[in-house]
Amino acid sequence: MLLLVLYPCVLLLSCKVVLFAEGVEISSGSCTFENSTCAYKSAYSFLPWTVNSEGHYISVDTLYGTSGQKAVLVSPDLQPDEWSCLKLVYQIAGSESSVNPSKLNVFIQPDGESFDYLLWTAEEQSDSWLISSIDLRNTSKKYKIIIEGILGADEVSSIAIFELKMTTGYCIECDFEENHLCGYMNSWNPNVNWFVGGGNIRNSHSFLPKDHTLNSEIGHYMYVDSVYVKAFQEVAQLISPLIITPISGCLSFYYQIQQEGSNDFMVFTRDLHGSYEEIWKMKEARKGEWNFAEVDLNALLPVEVIFEVAFNGVEAGYVALDDISFSPESCSGQKEPDFNLMDAGCDFENDLCQFHQESKDGSSWHRVKVKPNAYRIGDHTTGMGSFMLANSRFTSQPGYLGRLYGPSLPGNRQFCLRFFYAFYGFSKMSDILAVYLFEENLVVQEKIWSVRDSPKGVWLEAEININKPMPCKVAFVSWCKSFWDCGLAALDDVSVSFGSCQTADRLPPSPGKCTFEKNDCGFQQEWQRRGMWHRIRGRTPTSYTGPTGDHTSGVGYYMYIEATHMVYGQKARLISRGLRAIPGKQCLTFFYHMYGAGTGLLNVYLRKESVRHKETLLWSRRGEQSISWLRAQVEYESDMQHQIIFEAVRGISIRSDVAIDDIVFQNGHCKDTGDFFILQSSGYSDDINEIEF
């Protein structure tokens, strides 16, 4: 259980945060909610935030609203020219057993963009005030902060905000002089805990004459004391605010110890998956003096920084901490070699990127293109592009057919490797495709993944965590066990991201992107009798129509119409939520699947707000296209609030299923303009089996 660190003389968070509001001048983006919402405004058409007449906060509750209703608070235009930190003091109240609790969200709304970006969310219920910190990058573009409260299902539930405070600097920085302690928290231990020291506090057997910040007895610092230790290596943890916005640079702090060698003082990072990584450990230190420490911190995914002390006994003394700061430059002052994640992956559309084969292994992997047809799937990227193929049918020797090497990955970094693979022709699946890690000398190798049983003829996604101390290369190896058991192994869309694959899955979804993996992303059905879009995974029920799996991972969800339950010419319409009007071009990208002898139409319409019954056709396809998922890109403009409509029309037979997946809305021109509005009847190829090398 995490408890906010309090001054020993103050036991209530509400007492603490009263001082949080002190100060003559309120900075832009801040508000104490003393008598008003400052420059923040409640958004029209939502529940209003109410300023408490007796207290010092704003709130929304079920007395004036019902479950699921929202209250939206919008900041004025902000444009900090320096890195900033937004601190939010809040409370969510309701039943602890609620299956649908209230939720508080913070978004950023960049000027001229269609979507709000989720920065932070919470639904933890508490009987006291809590504090959260959110880093905001310096930017040349104006933006707004959006505070959204969503009421839960309880009969009595409420959301309250005590204060918003925007300051210059990083949220992880702290000198512990202000009572809110910058949002640092103590991981509760019955015996040893971090406390605030300095000032007029005299509650410990060991305390310091002066802090580091002010070099004064009245200055404050954090400390942990061994006097109540009950067990060997008993641990106390001080936890930073969650670093949401990626930062990379030098973390520095001052610390003081009473006894040398009587305890372990370490600094860790902890990600959203709960994985720890040690980044610093105390070695030699001068007793009774403030010691300076610094360590390179690369927080490219959300992490907390944890200052941990493990005591060796009751006479181990104290450890004190003060003046935590951060610089975007490395501690050594030397810039680390740039590593571009984009260079570590490849979609193989134009070339091999930075992938290669050793000459001694031969050229067993080939970049190929399958012409779109109704019998063989195309590549994963677009359905009509290129991918890598280990063409083991044409070899006469069993054993390794060759290794496809990726670019070098730096050591001491956590990576998530993702790629898509498919097979044809093999009778036994075991180890026909494997992934190895090779050290830079290409001698020491380690197998980190291999395929087991897998369906044929469908693109499937694989993901692998990589964390090695030395630089290494990934190698994709296809193995033909015997002349009589060879086939085709295909590879496409290799990507690398920072952090573990599990952590990446817990990040908020990108705005304007829908994979249908968790829900329908806010799309609404337009009621038609028997004409409905269905969310499904796997094959569609009718043979010789529909996809065998989704486009996102091969085993996930997508939306489709089941033609069996519809009549010829009947429509099913899927309508997006409202999209804001912004100047310039917009790009809609999605994947569609139209396979079946009786396939009808798939249309995409633009519906503008306040223009009744008028819809503009943006894109259309008619008839069977391919057994592959194909990519569509649609460019459009709208000077007013609008919606996008996906309309499927049932064809002449029950083999008329139509599916869509992986919808993305983006600002600006589409990068690839090769799939705009063209009415066509079929995607058949004259040569259904031709592969272009």
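The values are calculated or read from the model by the stated rules, or taken from the named source; none is laboratory data. Every value quoted in this text rests on a predicted model; they were computed, and no experiment measured them. So basically every Cβ, Gly included, is an ideal-geometry build from the backbone, and we count neighbours across all protein chains shown. Calculation scope for accessible area: heavy atoms of the full protein, side chains included, ligands and nucleic acids excluded. Shrake-Rupley method; radii C 1.70, N 1.55, O 1.52, S 1.80 Å.
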So which residues in the stretch 103-115 are part of a loop (DSSP other than H, G, I, E, B) and either open to solvent by less than 50 Å² (accessible area, probe 1.4 Å) or modelled with pLDDT of 90 or more (or both), if there are any at all?
G112, E113, S114, F115
Taking the stretch 511-525 and the residues there that are touching a residue at least 60 places away in the same chain (Cβ under 8 Å), open to solvent by less than 70 Å² (accessible area, probe 1.4 Å) and not hydrophobic (A, V, I, L, M, F, W, C), the one that is nearest to M594 (Cα to Cα) would be T515
Residue in the stretch 120-145 that is nearest to N35 (Cα to Cα), counting only those that are of a type in the set (V, I, T) and surrounded by fewer than 20 Cβ atoms within 10 Å (Cβ to Cβ)
T121
Kindly provide the set of residues from the stretch 33-76 that are open to solvent by 20 Å² or more (accessible area, probe 1.4 Å), within 30 Å of S240 (Cβ to Cβ) and assigned to a loop (DSSP other than H, G, I, E, B), ordered by number.
E34, T37, C38, A39, G55, H56, Y57, P76
On the given criteria, is F476 more than 24 Å from L389 (Cβ to Cβ), at pLDDT 90 or above and open to solvent by less than 20 Å² (accessible area, probe 1.4 Å)?
no
Taking the stretch 526-559 and keeping only residues that are among the aromatic types (F, W, Y), within 30 Å of I464 (Cα to Cα) and open to solvent by 10 Å² or more (accessible area, probe 1.4 Å), one is left with Y557
Would it be correct to say that R573 is among the basic types (K, R), assigned to a strand (DSSP E or B) and open to solvent by less than 30 Å² (accessible area, probe 1.4 Å)?
yes
In the list I244, I239, I279, I257, which residue meets the criterion of being β-branched (V, I, T) and touching a Cys at 6+ places or on another chain (Cβ under 9 Å)?
I244
Report, by residue number, each residue of the stretch 198-225 that is at pLDDT 90 or above and not in a loop (DSSP other than H, G, I, E, B).
H220, Y221, M222, Y223, V224
Restricting to the stretch 77-100, what's the tally of residues that are among the charged types (D, E, K, R) and surrounded by 19 or more Cβ atoms within 10 Å (Cβ to Cβ)?
1
Please enumerate the residues belonging to the stretch 262-283 that are open to solvent by 50 Å² or more (accessible area, probe 1.4 Å), charged (D, E, K, R) and either part of a strand (DSSP E or B) or closer than 15 Å to V224 by Cα (or both).
E277, E278, K281
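Does any residue of the stretch 481-491 turn out to be part of a loop (DSSP other than H, G, I, E, B), at pLDDT 85 or above and under 30 Å from V370 (Cα atoms)?
No, there is no match, as no residue in the stretch 481-491 is part of a loop (DSSP other than H, G, I, E, B), at pLDDT 85 or above and under 30 Å from V370 (Cα atoms).
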Looking at S330, S325, which one is of a type in the set (S, T, N, Q) and either outside any loop (DSSP other than H, G, I, E, B) or free of Cβ contacts under 8 Å to residues at least 60 places away in the same chain (or both)?
S325
Tell me which residues, restricted to the stretch 146-168, are surrounded by fewer than 22 Cβ atoms within 10 Å (Cβ to Cβ) and assigned to a strand (DSSP E or B).
I146, E148, S158, M166, T167, T168
Within the bounds of the stretch 146-157, is there any residue that is farther than 30 Å from E82 by Cβ and at pLDDT 90 or above?
yes
Residues in the stretch 545-558: is at least one modelled with pLDDT of 90 or more, closer than 24 Å to Q354 by Cβ and either in a loop (DSSP other than H, G, I, E, B) or of a type in the set (K, R) (or both)?
no
Restricting the search to the stretch 230-258, which residues are of a type in the set (D, E, K, R) and assigned to a loop (DSSP other than H, G, I, E, B)?
K230
Restricting attention to the stretch 94-102, does a residue exist that is modelled with pLDDT of 90 or more and either in a strand (DSSP E or B) or closer than 30 Å to Q666 by Cβ (or both)?
no
What single numbered condition from (1) modelled with pLDDT of 90 or more; (2) part of a loop (DSSP other than H, G, I, E, B); (3) of a type outside the set (K, R); (4) surrounded by fewer than 18 Cβ atoms within 10 Å (Cβ to Cβ) fails to hold for C171?
(4)
